[in-house]
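Enquirer: What follows is a single structure, and I will ask about it in a moment.
The values are calculated or read from the model by the stated rules, or taken from the named source; none is laboratory data. Remember, predicted model here, so these are calculated numbers, not experimental data. All Cβ positions, glycine included, derive from the backbone under ideal geometry; neighbour counts span all protein chains shown. Accessible surface areas use protein heavy atoms only, side chains included; no ligands, DNA or RNA. Shrake-Rupley method; radii C 1.70, N 1.55, O 1.52, S 1.80 Å.
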Amino acid sequence: MDDQEKAGFFRQVAIVGADECDEIGIVPHKGILQLHAEAARNALDDAGLALSDVDGMFTAGPGWSPTLQMAEYLGIKPKYTDSTSVGGSSFVIHVEHAAAAIATGLIDVALITHGESGHSNRFRPGSGRPSMDPWFPMSQFELPYHVGGAPTHYAMACMRHMHQYGTTHEQLAEIAVATRKWAMLNPKAMMRDPITIEDVLSSRWITYPFHILDCCLVTDAGGAVVVTSAKRAKDLKKKPVYVLGSGEATTHQSLPSMPDLTTTPAALSGPRAFAMAGVSHKEIDVVEVYDSFTYTALVTLEALGFCKPGEGGAFVSGQRTAPGGDFPMNTNGGGLSYTHPGMYGMFILIEAVRQLRGECGERQVKNARLACVNGTGGTLSSTGTLILGVD
Amino acid sequence: MTTEYNKPLPTPSPEAKRYWEGCKKHELWLPHCKICEKPYFYPRDFCPTCFSWDIEWRQMSGRGTIYTFGVHYRHFHPGWAEEVPYVTALVQLEEGPRIYTNIVGVDGDPRNLRCDMAVEVAFEDVSDEISLPKFRPV
């Protein structure tokens with residue numbers, strides 16, 4: 001199939017519902033499954049659909065059989081499930097998989113859910129991520145040298161980028177400051193006090209070269225989106241958000257096997273999505289990219305082709321991505337300042353849908369018609385890129 | 001030494017047994033693809049570049065450069081509580097492969113480290129069975 005044929009196929013599909021669970025942030029009194037279920041209810045309400053309409057179930061957690069757990073908990077018997085679990089990009093990739101299943105007529109309505117107690121699980125007995133097989137590569141060749149979670153690997157990738165291209169702490173801080181300005185316009189964001197470049201640079205080190213203000217939050221949150229055919233979407237409550245282009249890519253699991261530390265798989269998934277949508281970078285009105293760290297957003301802009309490799313630092317300088325800047329990015333306040341429960345990709349989808357519908361109030365990007373969404377998962381391991389648009 | 005060591009220890013897998021046997025003798029051995037004519041990391045029974053199973057083990061020089069590094073100011077395992085700040089790195093061996101390791105013999109001040117700095121292997125005997133390859137500036 002050429003790009004035009006693929007585009008025709010995917011344009012038959014739209015996101016019709018999107019929402020968070022009732023409370024996000026610090027939610028110790030609710031479990032993970034509750035977060036999924038509330039988000040599912042809210043997103044279905046947003047779409048004007050009932051749970052009984054859902055025949056495809058997509059999620060990336062919890063446990064060894066995520067969709068079995070979620071379908072049982074919700075009380076549905078889906079005829080199609082997809083537990084693709086490739087990190088925080090999973091939910092963006094689920095949209096592509098759901099679109100394919102809908103376009104081929106396998107299902108009518110896909111429900112994609114997410115929920116994690118990234119903050120509160122640290123205080124709950126027996127919870128957290130399962131231990132790894134001792135013969136797996138990470139157990140043998142990384143854990144004996146210490147792996148301090150995501151900051152370890154992302155900091156090391158960032159360090160190589162700084163060495164190779166001269167990217168500076170100040171340039172990374174530009175992203176933290178700009179993203180905070182968006183969070184100040186989002187009532188649901190956790191961190192809403194203004195910060196300066198100097199605040200970022202003087203905040204404590206987590207893993208050099210990252211200060212704590214280069215790192216995302218760790219919160220409790222859930223979200224869900226509902227995807228269906230464009231035909232069915234026309235009769236629903238809200239303006240359909242069409243899937244115009246989509247790409248997915250995977251290059252490695254852990255850092256030692258990463259082919260090039262200074263880019264991301266978005267260099268593969270991005271061009272696929274743009275080619276399918278048949279749009280240019282200049283036509284994009286709003287950009288929502290996973291910002292697990294300031295660096296993740298910076299390198300993603302390069303990988304997607306908004307600027308050249310190594311030019312991300314200059315590109316984001318001068319508060320270009322902030323409200324009022326000419327490149328609105330991460331308009332909900334991002335994983336850096338709004339919320340980040342662990343696998344944040346769901347929330348860039350929700351924000352892109354809201355921007356394209358014109359529902360964002362104070363932080364609304366004027367006349368947003370085309371959005372580029374990019375989820376990054378693992379240790380810069382997997383990406384899903386979507387080009388979304390409205391009539 | 002054995003009684004005091006409280007960090008995670010590797011459990012050698014069948015395909016990595018030769019690697020850990022080499023380390024025990026303070027030698028760095030990696031599998032080498034006879035088709036691609038290059039070594040690879042991490043050990044497995046086939047070449048991850050061409051999927052050839054025609055491989056042999058070869059000893060590496062132990063010399064390389066810091067491809068990248070991170071300096072850690074927090075610990076996620078009690079074994080490192082006394083060692084903050086410590087350095088994790090990807091070392092690029094002169095034969096090509098990159099391995100995840102620690103840089104030792106440095107004070108953890110990032111100003112004293114840089115990418116592409118020359119390093120050599122320094123084995124740390126952590127149990128009766130395991131010696132960990134770490135690296136120090138040359």
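Enquirer: On full extension of the chain, what length is gained from A:Leu68 through A:Glu23, given 0.36 nm per residue of separation minus the C-alpha to C-alpha distance?
Expert: Separation in residues times 0.36 nm, less the Cα-Cα distance, equals 13.7 nm.
Enquirer: A further question follows. Give the distance, in whole Å, between the Cα centre of segment B:86-136 and the Cα centre of segment A:196-230.
Expert: Cα centroid to Cα centroid, the span is 30 Å.
Enquirer: Using a basic spin-label model with each label point 7 Å from the Cα along Cα→Cβ, how many nm lie between B:Val138 and B:Cys36?
Expert: 2.4
Enquirer: Let me ask something else. If we restrict to alpha carbons, what Rg and Dmax does the protein assembly as shown come to, in Å?
Expert: Values for the protein assembly as shown (Cα only, Rg and Dmax): 23.4, 72 Å.
Enquirer: Identify, among A:Thr207, A:Pro78, A:Leu336, the residue whose Cα sits farthest towards the positive end of the charge dipole of chain A, taking +1 on the Cβ of Lys and Arg and -1 on the Cβ of Asp and Glu, with the dipole about the Cα centre.
Expert: Looking along the dipole axis, the top candidate is A:Pro78.
Enquirer: As an exercise, use a Förster radius of 35 Å and the Cβ-Cβ distance of B:Lys7 and B:Asp54 to find the FRET efficiency, rounded to the nearest 0.05.
Expert: With R0 = 35 Å, the Cβ-Cβ based efficiency is 0.45.
Enquirer: For all pairs of alpha-carbon atoms in segment A:68-202, what percent lies in each bin of width 10 Å, listed from the first bin to the last filled one?
Expert: That works out to 9, 20, 30, 29, 12, 1, in percent per bin.
Enquirer: What does DSSP give for chain A in terms of the percent of beta bridges that are antiparallel, rounded to the nearest 5?
Expert: Antiparallel bridges make up about 75 percent of those DSSP assigns within chain A.
Enquirer: Most fluctuating residue of A:Met57, A:Met162, A:Met329 in a GNM of chain A with Cα springs under 10 Å: which is it?
Expert: A:Met162
Enquirer: Same structure, new question: Quick one: compute a quarter of the convex hull surface over the Cα atoms of segment A:179-234 and quote it in nm².
Expert: Details: hull surface 25.8 nm².
The orientation-averaged projected area of the Cα hull of segment A:179-234 comes to 6.5 nm².
Enquirer: Going by amide H atoms built from the backbone, whose H comes under 5 Å of the H on A:Val13, apart from near neighbours?
Expert: Residues meeting the criterion, in which the H sits 1.01 Å from N, are A:Ala230, A:Val243.
Enquirer: With r defined as the distance between the Cβ atoms of A:Gln4 and A:Lys366 and R0 fixed at 51 Å, what FRET efficiency is calculated, to the nearest 0.05? Could the numbers behind the result be given before it?
Expert: Numbers: r = 30 Å, r/R0 = 0.59.
Result of the calculation: an efficiency of 0.95.
Enquirer: Beyond 23 Å between alpha-carbons counts as too far, so tell me which of B:Lys24/B:Lys134; A:Lys231/A:Lys282; A:Lys6/A:Lys231; A:Lys30/A:Lys237 fall in that bin. Spell out each step's value before the answer.
Expert: Numbers: B:Lys24/B:Lys134 13 Å; A:Lys231/A:Lys282 29 Å; A:Lys6/A:Lys231 17 Å; A:Lys30/A:Lys237 29 Å.
From B:Lys24/B:Lys134; A:Lys231/A:Lys282; A:Lys6/A:Lys231; A:Lys30/A:Lys237, over 23 Å: A:Lys231/A:Lys282; A:Lys30/A:Lys237.
Enquirer: Taking Cβ-Cβ under 4.7 Å as the only way to count a partner, pick out the unpartnered cysteines of chain B.
Expert: B:Cys23, B:Cys50, B:Cys115 - these cysteines have no disulfide-compatible partner (Cβ-Cβ under 4.7 Å) in chain B.
Enquirer: Now for a separate question. Loop sites only, by DSSP: take the trypsin sites (Lys or Arg not before Pro) in chain A that have at most 13 other C-beta atoms within 10 Å and name the longest stretch containing none of them.
Expert: Details: sites that count: A:Lys79, A:Arg204, A:Lys234, A:Lys237, A:Lys366.
Counting only loop sites that pass the neighbour cut-off, the longest clear stretch is A:238-365.
Enquirer: Right, something else. What GluC sites (Glu not before Pro) does segment B:20-91 have in DSSP loop regions with at most 16 other beta carbons within 10 Å?
Expert: Working: sites: B:Glu21, B:Glu27, B:Glu37, B:Glu56, B:Glu82, B:Glu83; in loops: B:Glu27, B:Glu37, B:Glu82, B:Glu83.
The qualifying sites are B:Glu27, B:Glu37, B:Glu82, B:Glu83.
Enquirer: While we're on this one: At what distance in nm do the modelled label points of A:Arg204 and B:Phe46 sit from each other, each positioned 7 Å from its Cα along Cα→Cβ?
Expert: Placing both labels 7 Å along Cα→Cβ, they lie 4.8 nm apart.
Enquirer: Explain nothing, just the number: dipole magnitude of the protein assembly as shown about its Cα centre with +1 on each Lys and Arg Cβ and -1 on each Asp and Glu Cβ, in debye rounded to the nearest 20.
Expert: Value, rounded to 20: 600 debye.
Enquirer: Let me ask something else. Calculate how large, on average over all directions, the projected area of the Cα convex hull of segment B:1-92 is; give the answer in nm² to one decimal.
Expert: In nm², the orientation-averaged hull projection of segment B:1-92 is 7.5.
Enquirer: I would also like to ask the following. Sorted from largest to smallest, which semi-axis lengths in Å does the alpha carbon gyration tensor of segment A:233-366 give for its equivalent ellipsoid, taking the root of 5 times each eigenvalue? List each step's numbers first, then the result.
Expert: Working: eigenvalues 119, 67, 50 Å².
Gyration-tensor ellipsoid for segment A:233-366: 24, 18, 16 Å.
Enquirer: Give the ranking of A:Glu23, A:Glu72 by solvent-accessible surface, highest area first, calculated with a 1.4 Å probe.
Expert: Per-residue accessible area, sorted high to low, gives A:Glu72, A:Glu23.
Enquirer: Determine which residues of segment A:337-377 fall in the zone a paramagnetic label at A:Lys234 would reach in this model, i.e. backbone nitrogen under 14 Å from the point 7 Å along Cα→Cβ.
Expert: None, by backbone N distance to the label point.
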